[in-house]
Amino acid sequence: MRWIREHKIASFLITVIVLALAFIIFAAVTGGDGGIVSEGAGTVAGKVMQPFSYVGQKIHDGFASFGSSGSLKSENEKLKKENEQLKRQVTQLTMSQNEKADLESLKKALKYKGTGDSTDLVSGDVIAMDGTNWMNVFTINLGREKGVKKGDLVVSGDGLVGTVKAVGAGWSKVATLMDQGVQLSFMVSSNHKILGLLNGSTSKTLSGYTLDSTATIVQGDTIVTSGMGSYPAGITIGKVTNVRYDSNEQLQKITVAPAVDFQSLQQVAVLV
């Protein structure tokens with residue numbers, strides 16, 4: 001009795017539950033035909049079980065929501081994968097378009113006399129820089145399996161790059177115009193009668209002179225290959241940035257900025 005007095009609420013709930021169960025058992029035994037007693041049992045049982053039913057429904061809804069959340073998560077993962085796939089397709093398409101544009105630029109750079117249909121053009125990527133002054137020599141991912149051989153001409157979409165100096169399986173080394181050992185004959189694109197010679201240098205420019213010291217050549221003139229020597233005619237070399245007359249050597253000397261940006265060069269083509 002003392003426990004009941006100290007736990008009045010618990011005692012009340014237990015009593016109600018016991019009475020409800022008794023009514024339910026009575027209704028079950030009588031087959032539900034207990035009249036007022038059966039109806040009362042149903043009412044009491046309903047009132048007593050209502051909060052438990054409510055809690056059970058909330059738990060059920062929680063699991064249902066969890067299941068729905070799992071489904072949404074799965075759907076999100078699926079959409080994410082599809083999105084990534086689309087991104088890869090767009091990237092590949094963009095790369096293909098860029099490569100096509102690069103090849104078109106390379107073809108434009110090769111519009112010089114003497115290039116016939118029999119000349120093959122193979123494009124490749126710059127994969128390594130050689131030496132401390134890497135603008136002089138670099139390695140590309142084209143080798144003898146592509147028909148590349150020593151002495152082949154190398155160009156980019158902007159103009160003349162250099163020549164192949166060594167070939168292996170899957171690689172070639174290219175000596176650029178900046179190599180001090182390179183000398184090439186040039187002419188002014190707007191006046192092919194103005195000829196001269198250019199040499200590589202340790203700086204980012206080429207230096208040279210005109211064969212005719214009185215030739216009218218000015219800053220901004222475009223310099224192209226003349227066709228004399230190992231380079232075919234008409235390939236862009238660069239632009240004149242400075243002109244001066246050397247009275248000691250009696251030569252008109254020029255400085256030329258290469259059309260090709262060797263520091264950012266990524267793709268080239270080789271005439272094989």
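The values are calculated or read from the model by the stated rules, or taken from the named source; none is laboratory data. Quick caveat: nothing in here was measured; it's all calculated off a predicted structure. Note that each Cβ is placed from the backbone with ideal geometry, even for glycine, and that neighbours are counted across all protein chains shown.
Scanning the stretch 188-205 for residues that are closer than 13 Å to residue 238 by Cβ and either among the hydrophobic types (A, V, I, L, M, F, W, C) or touching a residue at least 60 places away in the same chain (Cβ under 8 Å) (or both) yields 188, 198, 200, 204. Candidates in the stretch 210-226 are the residues that are polar (S, T, N, Q) and assigned to a loop (DSSP other than H, G, I, E, B); of these, the one that is nearest to residue 254 (Cα to Cα) is 219. Could you look through the stretch 250-264, keep only residues that are in contact (Cβ under 8 Å) with a residue 24 or more places away in the chain and surrounded by fewer than 21 Cβ atoms within 10 Å (Cβ to Cβ), and pick out the one that is farthest from residue 195 (Cα to Cα)? Result: 263.
Looking for something over 21 Å from residue 154 (Cα atoms) and buried (at least 21 other Cβ atoms within 10 Å of the Cβ) - is there at least one such residue anywhere in the stretch 220-231? For the stretch 220-231, residues over 21 Å from residue 154 (Cα atoms) and buried (at least 21 other Cβ atoms within 10 Å of the Cβ): absent.
Per this entry, residue 164 is not counted among residues that are closer than 23 Å to residue 242 by Cβ, at pLDDT 90 or above and surrounded by 18 or more Cβ atoms within 10 Å (Cβ to Cβ).
Summed over the stretch 189-208, residues that are in a strand (DSSP E or B) and buried (at least 22 other Cβ atoms within 10 Å of the Cβ) total 4.
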